[in-house]
Amino acid sequence: MVERIKDSQLSASINQKLVESGERERLKELLRSRLIECGWRDKLRSHCKEVIKQKGLENVTVDDLVAEITPTGRALVPDEVKRDMLLRIRTFLAANT
């Protein structure tokens, strides 16, 4: 429990540094463009259409759709993109701590 609180505090502190410096927005834009380049967005859009087709438009709420596609969306992010983003965050933290 104590470790979870420390992790949460550390995460909040890192996020605050990223926000204050403007780096969070830059990383978000980079991630967005990288995901579009690798076809992630198109794959996820296709998955959304498939879920809606299976369940029927009248039977799907936005919350249902988000809950359904989130695990797939995370799994579809290429490892190279994850590694690059993590490296950029680590580099930022090393330079700003």
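The values are calculated or read from the model by the stated rules, or taken from the named source; none is laboratory data. Computed from a prediction, not measured in an experiment: that's the story for all the values here. All Cβ positions, even for glycine, are placed from backbone atoms using ideal geometry, and neighbour counts span all protein chains on display. Side chains included, ligands, DNA and RNA excluded: accessible areas come from the protein's heavy atoms. Shrake-Rupley method; radii C 1.70, N 1.55, O 1.52, S 1.80 Å.
Using 7 Å Cα-to-Cβ label points, what is the L65/M1 separation (nm, one decimal)?
4.0 nm
Could you compute the net charge surrounding T61? Neighbours are other residues with a C-beta less than 13 Å from the C-beta of T61; K and R count +1, D and E count -1.
So the surrounding residues net to -3.
So I have (1) 17.1, 51; (2) 13.2, 45; (3) 15.4, 43, and one of them is Rg and Dmax of the Cα atoms in Å calculated from this model. Which one is it?
The calculated read-out lines up with (1).
Helix-only mean residue ellipticity at 222 nm, the chain, DSSP H runs n ≥ 4 weighted -39,500 (n - 2.57), per residue, nearest 500. What is it? All intermediate terms of the calculation are to be shown ahead of the outcome.
On the way: 5 runs with 83 residues, N = 97.
Theoretical 222 nm ellipticity from helices: -28500 deg cm²/dmol.
Putting +1 on Lys and Arg Cβ atoms and -1 on Asp and Glu Cβ atoms, find which of L93, G73, L44 reaches farthest to the positive end of the dipole of the chain.
Ranked along the dipole, the leading option is L93.
What does the charge dipole of the chain about its Cα centre add up to, to the nearest 20 debye, if the Cβ of each Lys and Arg holds +1 and the Cβ of each Asp and Glu holds -1? If you can, show how the numbers build up before the last one.
Details: 19 positive and 16 negative charges, 42 e Å.
The dipole of the chain has a size of about 200 debye.
At a Cα cut-off below 19 Å, give the aspartates and glutamates reachable from K55, other chains included and same-chain residues fewer than 8 away excluded.
D63, D64, E68
For K53, list the lysines whose Cα falls under 19 Å from its own Cα; do not include residues on the same chain fewer than 8 positions away.
Straight-distance partners of K53: K43.
Could you give the accessible area per residue of the chain, probe 1.4 Å, as a whole number in Å²?
79 Å²
Report the label-to-label distance for H47 and R90 in nanometres (one decimal), using points 7 Å from each Cα along the Cα→Cβ vector.
Here the answer is 2.6 nm between the modelled labels.
With a 1.4 Å probe and all protein chains left in place, how much of the accessible area of the chain comes from carbon and sulfur atoms, in whole percent?
Here carbon and sulfur together make up 54 percent of the probe-accessible area.
Which residue fluctuates the most in the chain, going by a Gaussian network model with Cα springs under 10 Å, if the choices are S46, S33, S11?
Among S46, S33, S11, the largest mean-square fluctuation in the Gaussian network model of the chain belongs to S11.
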